[in-house]
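Chemist: I have a structure I would like to understand better, so I am pasting it below and will then ask my questions one at a time.
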Amino acid sequence: MMNLALYLDAGIHQGGWRHPDAVSSGGTNWPLFRRIAQQAEAAKLDMIFVADKLAIDDIYGGDLSATVRSRPQGWSEPLTLLAALAVVTDRIGLGGTVSSSYSLPYTTARQLANIDHLSGGRAAWNLVTSVSDAEARNFGRDSHFSHAERYQRAVEFIDLMKKLWDSFDDDAIVIDKASAEFARPDGFRYLNHHETFFDVRGPLNIPRPPQGYPVVIQAGVSDAFIDLAARHAEVLFVVQPDQQRAQRFYQTLKSKAQQSGRAPDQLRILPGIVPVLADTRAAAQEKDRYLKSLITAESALSFMSASMNHDLAQYPLDGPTPDLRHAITGSVGRFQYVIEQAIEEKLTLGEMAIRYAESLSFPSPVGTPDDIAAMMTEWYRSGACDGFVVLPTYLEASGNLFLEEVVPRLQRAGVFRKDYPAGTLRDTLGLARPENALR
């Protein structure tokens, strides 16, 4: 069956917040997030996904003026939000972003283990390496780690996280009142981890999570990312702008996972999708046109500069797109394709930025619920994906056409479940519970 995740954000479309129907609260909107999570659960989606960034973008023009003037950002911290959502939902998975560049494994392992316990085994974490110098400056650095170094750190980070969860046996706590034994000493292990980036003694002081490990999500397309994902990712959130590229990527990753000794079905590949929906095709096309008209060059260039970690203010807006493929130190894999396509099509810098801001290079089908459901079914059945991460163009105060109209069509087509299976998020996704590797 297809897997579906819902991206919980103010809206991925850079003009979406200006739409008259959009909720633009300017901050955390708990009632809205709670309603959407409960509605997604009622539709039987696999999980809610909350992204994160550790700074207000200030790469474009060297300060935050363009960013705060032209667009909202996340304005929310994922792990505390997921802990709150765990209380008001029962079955839907709860995924949030963690930066391996600027987080500490011991603290993060404790937080995710606790969310997994509080939610009854529904936690997931999206491992990212962060992208910009703006984030680095909030953590004692003048500039971000190099691309190679941050992936080396990520490898050590994820290995250490798993060891920490395994340092506390599933059955370590016995609570035998008669013999005065609360827990078995041999159920705990010191790690004495002393490697390149981290020194951690262990063991963890929170019991092993119900899922063994919270589900590992990763997002990216670069070569370094692909190698890491093939070994560790269980849900892969990727940018694939068209079906043929998605099919090739799908085959590559499944093959690499198998070469790493993993069963291919234990890696679920979910491209992002930004549907523009309306009751009729004409209305959907008009909505798409209107949303595009709301994007400003300033918001687009601010967003791209932060993602690239390269200041685009130094180039003329109406000049040709410069070849920046070797200048990018942020999201390398994503922008190689974007820049190559812009150069081939002879787009100006402003045109490239606005086009990117419409959907961030995710496929953005425009049409009715029937149209969107048919497109998703075709991708799934053709071996382009195992499902999708659905990124709304904006959030509405009430209603959700995708959840209310597209999901039932996918269910009737037999490609999406009508109810949750028993168990944890791993059971929902069809993933095995990992054994304790330290026993």
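The values are calculated or read from the model by the stated rules, or taken from the named source; none is laboratory data. Computed from a predicted model, the values in this text were never measured in an experiment. Glycine gets a Cβ as well: all are built from the backbone with ideal geometry, and neighbour counts include every protein chain shown. The accessibility values were calculated without ligands, DNA or RNA, using every heavy atom of the protein model including side chains. Shrake-Rupley method; radii C 1.70, N 1.55, O 1.52, S 1.80 Å.
Chemist: Which numbered condition trips up Ile343, out of (1) open to solvent by 20 Å² or more (accessible area, probe 1.4 Å); (2) in contact with a strand residue (DSSP E or B) (Cβ under 9 Å, 6 or more places away or on another chain); (3) closer than 26 Å to Gln38 by Cα; (4) not in a loop (DSSP other than H, G, I, E, B)?
Modeler: (3)
Chemist: In addition: I need a count of the residues in segment 175-221 that are assigned to a loop (DSSP other than H, G, I, E, B), of a type in the set (S, T, N, Q) and buried (at least 18 other Cβ atoms within 10 Å of the Cβ).
Modeler: Quick first cut of segment 175-221, residues assigned to a loop (DSSP other than H, G, I, E, B) only: 177-180, 184, 189-192, 195-198, 201-214, 220-221.
Next, from what is left, pick out any that are of a type in the set (S, T, N, Q): 179, 192, 196, 205, 211.
Add one more test, that the residue is buried (at least 18 other Cβ atoms within 10 Å of the Cβ), and what stays is 211.
Count: 1.
Chemist: Now for a different question. Looking only at segment 25-79, which residues are on the phi < 0 side of the Ramachandran plot, touching a Lys or Arg at 6+ places or on another chain (Cβ under 8 Å) and either free of Cβ contacts under 8 Å to residues at least 12 places away in the same chain or open to solvent by 30 Å² or more (accessible area, probe 1.4 Å) (or both)?
Modeler: Within segment 25-79, Gly74 is the sole residue that qualifies.
Chemist: Here is a follow-up. Let me confirm something: among Leu267, Leu301, which residue is farther than 24 Å from Leu45 by Cβ and open to solvent by less than 30 Å² (accessible area, probe 1.4 Å)?
Modeler: Answer to the selection: Leu301.
Chemist: Could you tell me which numbered condition Thr296 fails, if it satisfies all but one of (1) of a type in the set (Val, Ile, Thr); (2) open to solvent by less than 30 Å² (accessible area, probe 1.4 Å); (3) not assigned by the TED database to the domain that holds Ala229?
Modeler: With (1) of a type in the set (Val, Ile, Thr); (2) open to solvent by less than 30 Å² (accessible area, probe 1.4 Å); (3) not assigned by the TED database to the domain that holds Ala229 applied to Thr296, the lone miss is (2).
Chemist: Within segment 402-438, can you find the residues that are crowded, with 18+ Cβ neighbours inside 10 Å and in contact with a Pro (Cβ under 7 Å, 6 or more places away or on another chain)?
Modeler: Phe402, Val406, Arg409, Thr424, Thr428
Chemist: Filter segment 115-145 for residues that are under 26 Å from Leu267 (Cβ atoms) and more than 21 Å from the chain's Cα centre (by Cα); which is surrounded by the fewest Cβ atoms within 10 Å (Cβ to Cβ)?
Modeler: The selected residue is Gly120.
Chemist: When you go through (1) modelled with pLDDT of 90 or more; (2) closer than 17 Å to His13 by Cβ; (3) open to solvent by 20 Å² or more (accessible area, probe 1.4 Å) one by one for Gly367, which number turns out not to apply?
Modeler: Checking Gly367 against (1) modelled with pLDDT of 90 or more; (2) closer than 17 Å to His13 by Cβ; (3) open to solvent by 20 Å² or more (accessible area, probe 1.4 Å), the one that fails is (3).
Chemist: Given the options Asp288, Asp318, name the one that is outside the structural domain of Leu54 (by the TED database) and within 27 Å of Trp379 (Cβ to Cβ).
Modeler: Being outside the structural domain of Leu54 (by the TED database) and within 27 Å of Trp379 (Cβ to Cβ) holds for just one of Asp288, Asp318, which is Asp288.
Chemist: Under 9 Å between Cβ atoms, at least 6 apart or on separate chains: pull out the pairs that start in segment 178-204 with a residue that is at positive phi and end on any residue that is of a type in the set (Ser, Thr, Tyr).
Modeler: Listed by first residue and then by second, the contacts come to Gly202/Tyr106; Gly202/Ser167; Gly202/Tyr190.
Chemist: Take segment 97-155 and flag every residue that is free of Cβ contacts under 8 Å to residues at least 60 places away in the same chain, outside the structural domain of Ile48 (by the TED database) and within 20 Å of Val238 (Cα to Cα).
Modeler: Arg150
Chemist: What do you reckon, is Val239 under 27 Å from Ala172 (Cα atoms), crowded, with 20+ Cβ neighbours inside 10 Å, of a type outside the set (Lys, Arg) and touching a strand residue (DSSP E or B) at 6+ places or on another chain (Cβ under 7 Å)? Break it down stepwise before answering.
Modeler: On the way: under 27 Å from Ala172 (Cα atoms): no; crowded, with 20+ Cβ neighbours inside 10 Å: yes; of a type outside the set (Lys, Arg): yes; touching a strand residue (DSSP E or B) at 6+ places or on another chain (Cβ under 7 Å): yes.
No; evaluated as a whole, the condition is false for this residue.
Chemist: Still on this structure: Can you tell me which residue among Ala313, Ala373 is surrounded by fewer than 18 Cβ atoms within 10 Å (Cβ to Cβ) and aliphatic (A, V, I, L, M)?
Modeler: Only one candidate qualifies: Ala313.
Chemist: All but one of (1) under 30 Å from Ala278 (Cα atoms); (2) part of a loop (DSSP other than H, G, I, E, B) hold for Arg325, so report the exception by its number.
Modeler: Evaluating Arg325 over (1) under 30 Å from Ala278 (Cα atoms); (2) part of a loop (DSSP other than H, G, I, E, B) leaves (1) as the failure.
Chemist: Kindly check whether there is at least one residue in segment 322-333 that is touching a residue at least 40 places away in the same chain (Cβ under 8 Å), under 22 Å from Asp9 (Cβ atoms), surrounded by fewer than 21 Cβ atoms within 10 Å (Cβ to Cβ) and within 25 Å of the chain's Cα centre (by Cα).
Modeler: Yes, because at least one residue in segment 322-333 is touching a residue at least 40 places away in the same chain (Cβ under 8 Å), under 22 Å from Asp9 (Cβ atoms), surrounded by fewer than 21 Cβ atoms within 10 Å (Cβ to Cβ) and within 25 Å of the chain's Cα centre (by Cα).
Chemist: Right, Arg245: outside the structural domain of Asp116 (by the TED database), open to solvent by 10 Å² or more (accessible area, probe 1.4 Å) and over 18 Å from the mean Cα position of the chain (by Cα) or not?
Modeler: no
Residue-wise test of (1) out of contact with any His (no Cβ under 6 Å at 6 or more places or on another chain); (2) hydroxyl-bearing (Ser, Thr, Tyr); (3) farther than 24 Å from Ala437 by Cα.
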residue	(1), (2), (3)
Gly93	yes, no, yes
Tyr102	yes, yes, yes
Asp133	no, no, yes
Phe139	yes, no, yes
Phe157	yes, no, no
Leu164	yes, no, no
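Chemist: With respect to the numbered conditions (1) modelled with pLDDT under 95; (2) part of a loop (DSSP other than H, G, I, E, B); (3) open to solvent by 30 Å² or more (accessible area, probe 1.4 Å), which one is the sole condition not fulfilled by Ala148?
Modeler: Result: Ala148 passes all but (2).
Chemist: I would also like to ask the following. Going residue by residue through segment 228-235, is there one that turns out to be at pLDDT 95 or above, under 23 Å from the mean Cα position of the chain (by Cα) and of a type in the set (A, V, I, L, M, F, W, C)?
Modeler: yes
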